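Reviewing the structure listed below.
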Amino acid sequence: MAYRRGFYVVLFFLCNLAVALTESTGPCYRIEPGTVAGIICADVVLTLIIVIVTYRCASLRRQRIDNANKVYMNVRANCKS
């Protein structure tokens, strides 16, 4: 129970800090919505590429190990590296 109370206190202070930082009177750098959308789209595309490459590498390795078990028992030790 004390853990939750501590979490809420920290969250409260972080929210107040964020509000205090955004209320400064200094000049702000404005980012256009198109730029933000482009960054988000690029991030999604890169994430999908990483997921697909990781899946392909893992499935090829799994297939290689499965094929090694079918041929000889001793070959599997060589495929683990």
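Take the residues in segment 1-35 that are among the polar types (S, T, N, Q) and modelled with pLDDT under 75, then tell me which one is surrounded by the fewest Cβ atoms within 10 Å (Cβ to Cβ). Applying the filter and picking the extreme gives 25.
Considering each residue of segment 42-49 in turn, none proves to be at pLDDT 75 or above, among the charged types (D, E, K, R) and in contact with a Cys (Cβ under 7 Å, 6 or more places away or on another chain).
The values are calculated or read from the model by the stated rules, or taken from the named source; none is laboratory data. What you see is a predicted model, and the numbers here were worked out from it, not measured in a lab. All Cβ positions, even for glycine, are placed from backbone atoms using ideal geometry, and neighbour counts span all protein chains on display.
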